[in-house]
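The values are calculated or read from the model by the stated rules, or taken from the named source; none is laboratory data. What you see is a predicted model; the values in this text were computed from it and never measured. Here the Cβ positions follow ideal geometry from the backbone for every residue, glycine too, while neighbour counts run over all protein chains shown. Side chains are part of the model used for accessible areas, which takes the heavy atoms of the whole protein and leaves out ligands, DNA and RNA. Shrake-Rupley method; radii C 1.70, N 1.55, O 1.52, S 1.80 Å.
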Amino acid sequence: MLIYLDGKFVPPEEAKVSVFDHGLLYGDGVFEGIRAYNGRVFKLTEHLDRLYESARSILLDIPLSWKEMEAAVLETVRRNGLRDAYIRLVVTRGAGDLGLDPRKCPQPSVIIIADKITLWPEELYTKGLKVKTVATRRNAVDTLNPRIKSLNYLNNILAKIEANLMGYPEVVMLNAQGYVVEGTGDNIFIVKKGRLITPPPYVGILEGITRATIMDLAREMGLSVSEDLFTTHDLYVAEECFLTGTAAEVIPVVEVDGRQVGQGVPGPVTVKLMQAFREYAQNNGTPL
Ligand code: PMP
C-alpha cells in the first residue's frame with residue numbers, strides 16, 4: 001500500500017505526522033470518505049467541494065489547489081492498483097505548539113489513503129437494520145456545525161459508544177430540540193404517504209453526498225422529496241425508513257426503538273432506491 005503524504009507516496013510505516021499536529025492534539029482539520037466503483041471515483045467533484053468548504057469554514061488553507069487535489073486522489077488510487085476502493089482524504093492543521101492557536105501551524109498536512117472497502121454484511125440490506133435513538137445529542141449548528149466535516153468526531157463517537165453498549169450497529173441521533181437529524185455516519189430518510197422526507201441541513205446534519213444522490217434519483221423516479229423536520233414519532237409511524245452514506249450506500253431500517261417500521265421488512269421505495277443507487281454508482285464517476 002502506498003499513501004499520499006504531503007506530495008510523496010510512502011509505505012504505511014513511513015506515513016507519519018507530528019505529535020504536535022493539531023489534527024491529533026485538537027481534532028483540528030477536515031476530511032472526506034470517498035468511494036471508487038469499477039474504475040471510477042464516485043462524486044469526486046462533490047466530495048472535493050465539500051472538503052474545500054469545510055476547510056474554508058475553519059480558515060484552513062489547503063496547500064493544494066482543487067485541481068491538484070483531484071489529481072492526487074486519482075493518482076493515489078491508481079498507484080494502489082485499485083478499481084474499487086474506499087478513499088480517505090485528510091487535511092490536518094499541521095504541527096504547532098501545545099496551545100490552541102491555529103496561526104502557530106504554518107504547514108497543513110494532506111493525507112490520502114486508498115484501501116479496499118469493508119462492506120456491511122449483505123444480510124442488513126435484505127433483512128434491514130434495527131436501530132435505536134441515543135441520549136447523545138448531535139452538535140448544534142451554532143456550536144460545531146455538522147455541515148463541517150471536521151476531524152472532531154467525538155460527538156459521533158459518543159453516540160457510537162452508546163450503540164456498542166446496546167449492541168446496535170448504528171443508531172439515530174436527535175438534535176437539542178429533539179428533532180431527528182442523522183446516524184453516527186449516515187443520513188436518514190423516511191417514507192410517508194409515498195413521499196420521501198429527510199431532515200434539512202439547518203437542523204444539524206452533514207450534507208451527505210449519498211443523500212443528495214438519492215434525492216436526485218428519487219426525483220427522477222417521480223417521487224416527491226422534501227427536506228423537513230421530523231420527530232421520533234414520525235419515525236415510529238413511517239411507512240419506510242433508510243440510512244444513506246458512502247460506505248453503507250442505502251440501508252433499510254425496519255425497527256426504531258422497538259417499534260416495527262412499516263411491515264418490518266425493507267419497503268418497496270427503499271428497495272427501488274437501493275437498486276437504482278447501486279446501478280448509478282457502478283456507471284458514474286471520474287475515471288481513474
Ligand atoms: N453523516 C455523517 C455524520 C457522516 O459522517 C457521513 C459520512 N460521511 C454521512 C452523514 C453520509 O455522508 P456521505 O453520503 O457523503 O458519505
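At-a-glance table
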| read-out | value |
| --- | --- |
| Residue in segment 237-245 that is within 11 Å of the ligand (Cβ to nearest atom), part of a strand (DSSP E or B) and of a type in the set (Gly, Ala, Ser) present | yes |
| Test: residue in segment 54-63 that is in contact with a helix residue (DSSP H, G or I) (Cβ under 6 Å, 6 or more places away or on another chain) and either of a type in the set (D, E, K, R) or part of a helix (DSSP H, G or I) (or both) | no |
| Scope segment 184-220; condition open to solvent by 50 Å² or more (accessible area, probe 1.4 Å) and of a type outside the set (Ser, Thr, Tyr); matching residues | Gly185, Lys192, Lys193, Arg195, Glu207, Asp216, Arg219, Glu220 |
| Of all residues making up segment 165-216, the number that are part of a loop (DSSP other than H, G, I, E, B) and either out of contact with any helix residue (DSSP H, G or I) (no Cβ under 6 Å at 6 or more places or on another chain) or more than 9 Å from the ligand (Cβ to nearest atom) (or both) | 19 |
| Number of the exception - Val131 against (1) more than 21 Å from Val203 (Cβ to Cβ); (2) assigned to a strand (DSSP E or B); (3) not assigned by TED's automatic domain parsing to the domain that holds Tyr52 | (1) |
| Members of segment 88-128 that are of a type outside the set (Lys, Arg) and in a helix (DSSP H, G or I) | Pro102, Glu122, Glu123, Leu124, Tyr125, Thr126 |
| Hits in segment 148-164 - residues which are surrounded by 17 or more Cβ atoms within 10 Å (Cβ to Cβ), of a type outside the set (Asp, Glu) and more than 9 Å from the ligand (Cβ to nearest atom) | Ile148, Ser150, Leu151, Asn152, Ala159, Lys160, Ala163 |
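Table: residues versus (1) away from the ligand (no atom under 16 Å from the Cβ); (2) modelled with pLDDT of 95 or more; (3) open to solvent by 20 Å² or more (accessible area, probe 1.4 Å).
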position	(1), (2), (3)
Asp21	yes, yes, no
Leu24	yes, yes, yes
Val41	no, yes, no
Leu48	no, yes, no
Leu60	yes, yes, no
Pro63	yes, yes, yes
Ala72	yes, yes, no
